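Single-structure report; data block below.
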Amino acid sequence: MAEPITIEVLGSALDLIGRPLMLEALATVADGKPLPNAAPSGVDTGLFLDELKALRVLGMVEPVEGSSAGLYALTPAGHALMDLLDTLAVSITRMPTGAYSIS
């Protein structure tokens, strides 16, 4: 089970929403794809790796020790963030049109 979601993790999630390339980097790590070869088509690898560095600074990912393939793994905070983003995505897709409310 993932760590509880803290204000810090929620703040990080909100920062990520405005950075789609960072979300792509986060998803790449969550999927276990080696970097930097996992950069999306047409995206500068340097920009993609910059987003990965930002994720490391935020404490969301860490390099896998002993990996020569550029593998990274989600930290407990990264797992909590992915859970939060997954829950958000499910909530948005299930909500009928015109039924927006905050509870």
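The values are calculated or read from the model by the stated rules, or taken from the named source; none is laboratory data. Treat the numbers as computed from the prediction; the structure is a model and nothing was measured. Don't worry about glycine lacking a Cβ; one is built from the backbone with ideal geometry, like all the others, and counts go over all protein chains shown.
Looking across the range 74-103, the residues that are exposed (fewer than 15 other Cβ atoms within 10 Å of the Cβ), small (Gly, Ala, Ser) and either in contact with a strand residue (DSSP E or B) (Cβ under 7 Å, 6 or more places away or on another chain) or modelled with pLDDT under 75 (or both) come down to Gly98, Ala99, Ser101, Ser103.
Of the numbered criteria (1) surrounded by 15 or more Cβ atoms within 10 Å (Cβ to Cβ); (2) at pLDDT below 85; (3) at positive phi, the one Leu71 fails is (3).
Taking the range 37-68 on its own, how many of its residues are small (Gly, Ala, Ser) and at pLDDT 85 or above? Residues meeting the conditions: 4. The residue of the range 6-60 that is farthest from His79 (Cα to Cα), among those that are among the charged types (D, E, K, R) and part of a helix (DSSP H, G or I), is Asp50.
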